[in-house]
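Asks: First, the structure itself, so that you have it in front of you.
The values are calculated or read from the model by the stated rules, or taken from the named source; none is laboratory data. Since the model is a prediction, treat every value here as computed from it, not as a measurement. Note: ideal-geometry Cβ built from the backbone for every residue, glycine included; neighbour counts use all protein chains shown. Protein only, heavy atoms only, side chains kept; ligands, DNA and RNA dropped before computing areas. Shrake-Rupley method; radii C 1.70, N 1.55, O 1.52, S 1.80 Å.
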Amino acid sequence: MPEQEPRPIELGWLLVGEPSSEQREAVGAARAKLARRLEGLFPQFQWRTPLVSRREASAPGLDEPAARLDEGVQERDARRWDFAFVVTTRDLRSYYKSRALAVPSRALGVAVV
C-alpha cells in the first residue's frame, strides 16, 4: 500500500475588528515568524497559517475573551484547523488583573490575543 502524504498542520488565524495597517503588518509578521520557527524545529511536518479576517465595528469597552474563544472554536472546526489564534483589535477583559494580553485554552485548541 503506498504511503499517504501527511496532512499539513494548520494553525489558523482569525483577525477580528478593524485593524490598522500597523496591526495587520504585526499579525502578518507574527504568522511568518511562527511558521519559520516551526519549520526550523520540525521540518518533517508541513505547516500552514491561513488568515481569515472578520471586520466588526469597534464597540466601546473591553472584549470578552470567552466569546472570542467560542468564535475561535467555531472557525477552527469549520475550517478543520488544528489550532486557532483569534487576534482582536480590542483590549481583553480580565477578572484578575487590570488587563489581559492573551487567553489561551489548551482544552479548546484556541488562543485569544
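Asks: Enumerate the amide H contacts of residue 105 below 5 Å, restricted to partners 5 or more residues apart or on another chain; note that Pro and chain-start residues carry no placed amide H.
Replies: 110, 111, 112
Asks: In nm, to one decimal, how far is the residue 99 label point from the residue 18 one, both placed 7 Å along Cα→Cβ?
Replies: 2.0 nm
Asks: Which value, in debye to the nearest 20, describes the size of the charge dipole of the chain about its Cα centre when Lys and Arg Cβ atoms bear +1, Asp and Glu Cβ atoms bear -1, and nothing else is charged?
Replies: For the chain, the charge dipole is close to 260 debye.
Asks: Taking Cα pairs under 8 Å and at least six residues apart, what relative contact order does the chain come out at, in percent?
Replies: This gives 33 percent for the chain.
Asks: Any idea of residue 70's accessible area? Nearest 10 Å², probe 1.4 Å.
Replies: 90 Å²
Asks: Helix 65-79 versus the longest principal axis of the chain: what angle, 0 to 90°, nearest 10, using Cα atoms?
Replies: 30 degrees
Asks: Within the range 30-73, list the trypsin sites (Lys or Arg not before Pro) lying in a DSSP loop whose Cβ has at most 16 other Cβ atoms in a 10 Å radius.
Replies: Counting only loop positions with at most 16 other Cβ atoms within 10 Å, the trypsin sites (Lys or Arg not before Pro) in the range 30-73 are 55.
Asks: Please find, in a Gaussian network model of the chain (springs between Cα atoms separated by less than 10 Å), the residue of 60, 43, 19 whose mean-square fluctuation is greatest.
Replies: Of 60, 43, 19, the most mobile in the Gaussian network model is 60.
Asks: If you compute Cα Rg over 2.2 N^0.38 Å for the structure shown, which of (i) 1.24; (ii) 1.16; (iii) 1.03 do you land on?
Replies: Only one option fits the structure, namely (ii).
Asks: Skip the ligands, DNA and RNA, and give the accessible area per residue of the chain with a 1.4 Å probe, whole Å².
Replies: 69 Å²
Asks: Moving to a separate point now. Restricting the count to DSSP beta bridges whose residues both fall in the range 46-113, what percent are antiparallel, rounded to a multiple of 5?
Replies: So the antiparallel bridges in the range 46-113 amount to around 50 percent.
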